[in-house]
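So the structure is just underneath, and the comments pick up after that.
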Amino acid sequence: MPKTTLTQCFIDNLSCPVGDTKCDYFDTKTTGLIVQVLMSGRKTYYLRYQNDRGKTVQKRLGNAAILKLAQVRDLAVKCLAQISMGEDPFANQVALRAIPKLADFITQQYLPYAKTYKRSLICDVGVIKNHINPVFGSMYMDELKKQDVIQLISKMLETYAPGTVNRVVILLRYIYNLAIRWETAGISKNPTAGIPLLEENNQKERYLTPEEARKLVAALKGSENKMLQFIIPMLILTGARKMEVQKARWVDINWEQRIWRIPLTKSGKARHVPISDGALMILESIPRIEGCPWIFPNPKTHKPYNSYYNSWNTVRKSVGLGDVRIHDLRHSFASFLVNSGRSLYEVQRILGHTQISTTQRYAHLSQDSLLTAANEIGKAIPSLMTAYVEEVPLLKCA
């Protein structure tokens, strides 16, 4: 590595020796100052020194095409003075370079972590791909500010429902909370902090009436999908989720205790669903395929259905129930229970909710049920009703 007393003229006329890809020149006047020239002709100033641990470190000072030698010498001397006092003049530079871009953090940190436990990961991937990365993905994580998030919310509200916007904010908030918890370089604040979620008035609550349920079940027998006549009633009679029924296995049925064990639920824990007389009749009626572990398999593949939407859509529309979704069958199950006088606690246990507040949205009581409940006090104390059955004189207006 050649040494020379650098001059501005030397720098201006410096070129890389033929056959080399780069060459470093040490300045004999300023300790540790180096000018590096590449085969392309690019010239860069560096400072080489030993840090507090005795390790030789080389840091970039700047582009020789922009900075003059005199400026670089002054900068090098200031840096060496700080280093001699135990300070690191490049600490901020190192810290900034350690801060990841949001898209990189999501790919390298968040998604691998979420894959270990999050069953709704496919939803997160969609939100990230469609809403977060296109707007914020190329930004360094410390660059994202609260105002940026607020602007995204305003922009999304022009074309998206509040629920969709909330999912973006919730996921972004969770990603930054993880970054803070994991002590990610440069991340000490969450840009979504203090931003309230939007009020969602678009929640659909659709409940089947007993008559609608009978019409639906009757129409299922005519479906080209012969397994649908078992799947839909099972959903109605158990209140289970769509994927729980699709991936139900014979081994999880306890015939003696009449319990269906669902090994992996939305909460990540196993739960147990009582098998009613109706559900038992369905299970006993399903034609079993030898060697197939699944209760409701696709007869062609002997594996769980990826989707049965088309056949379901045909049936529901044929009986005028085009607005009924698969998840509404779970709503209806809870509604039937509550309207039959069952407690919210019982509904909570069967549906597998961890919070009673979640169950309360299913506590849909019909007016007839409420009126019947209100009439119970009159039945219990008949004298309250008969005490006022007497002739009341008419009052004349003056």
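Of everything in region 256-271 that is modelled with pLDDT of 90 or more and assigned to a loop (DSSP other than H, G, I, E, B), the residue that is nearest to residue 239 (Cα to Cα) is 258. Among the residues in region 222-229, are any touching a Leu at 6+ places or on another chain (Cβ under 9 Å) and within 21 Å of residue 280 (Cα to Cα)? Checked region 222-229: at least one residue is touching a Leu at 6+ places or on another chain (Cβ under 9 Å) and within 21 Å of residue 280 (Cα to Cα).
Pull up region 106-118, narrow it to residues that are under 24 Å from residue 160 (Cβ atoms) and not hydroxyl-bearing (Ser, Thr, Tyr), then point me to the one that is surrounded by the most Cβ atoms within 10 Å (Cβ to Cβ). Per the stated criteria, the residue is 106. Number of residues in region 198-214 that are surrounded by 15 or more Cβ atoms within 10 Å (Cβ to Cβ), modelled with pLDDT of 85 or more and not small (Gly, Ala, Ser) equals 3. The set of residues in region 66-124 that are among the acidic types (Asp, Glu) and either touching a residue at least 12 places away in the same chain (Cβ under 8 Å) or more than 30 Å from residue 50 (Cα to Cα) (or both) comprises 88, 104, 124. Of all residues in region 238-253, those that are in a helix (DSSP H, G or I), of a type in the set (A, V, I, L, M) and surrounded by fewer than 22 Cβ atoms within 10 Å (Cβ to Cβ) total 2. Of the residues 183, 158, 143, 224, the single one that is farther than 20 Å from residue 277 by Cα and in contact (Cβ under 8 Å) with a residue 12 or more places away in the chain is 224. The residues of region 321-342 that are among the β-branched types (Val, Ile, Thr) and not in a helix (DSSP H, G or I) amount to a single one, 324.
Restricting the search to region 218-237, which residues are within 23 Å of residue 334 (Cα to Cα) and buried (at least 17 other Cβ atoms within 10 Å of the Cβ)? Scanning region 218-237 gives 219, 220, 228, 229, 230, 231, 232, 233, 234, 235, 236, 237. Selection within region 272-320: residues that are among the hydrophobic types (A, V, I, L, M, F, W, C) and part of a helix (DSSP H, G or I). The member of this set that is surrounded by the fewest Cβ atoms within 10 Å (Cβ to Cβ) is 281.
Filtered by the rule that a residue be among the aromatic types (Phe, Trp, Tyr) and part of a loop (DSSP other than H, G, I, E, B), region 124-148 gives no residues. I want to confirm something. Restricting to region 42-73 and keeping residues that are within 18 Å of residue 28 (Cα to Cα) and small (Gly, Ala, Ser), which single residue is surrounded by the most Cβ atoms within 10 Å (Cβ to Cβ)? Across region 42-73, the extreme among qualifying residues is 64. Looking only at region 166-213, which residues are of a type in the set (A, V, I, L, M, F, W, C), within 23 Å of residue 153 (Cα to Cα) and outside any helix (DSSP H, G or I)? Answer for region 166-213, where residues must be of a type in the set (A, V, I, L, M, F, W, C), within 23 Å of residue 153 (Cα to Cα) and outside any helix (DSSP H, G or I): 187, 193, 195, 197, 198. Contact annotation: residue pairs with Cβ atoms under 8 Å, 6 or more positions apart or on different chains, pairing a residue in region 298-314 that is within 13 Å of residue 231 (Cα to Cα) with a partner that is of a type in the set (Asp, Glu), are 311/224.
The values are calculated or read from the model by the stated rules, or taken from the named source; none is laboratory data. Only a predicted model underlies this, so the values are computations on that prediction, with no experimental measurement involved. Positions of Cβ are backbone-derived with ideal geometry, glycine not excepted, and every protein chain shown enters the neighbour counts.
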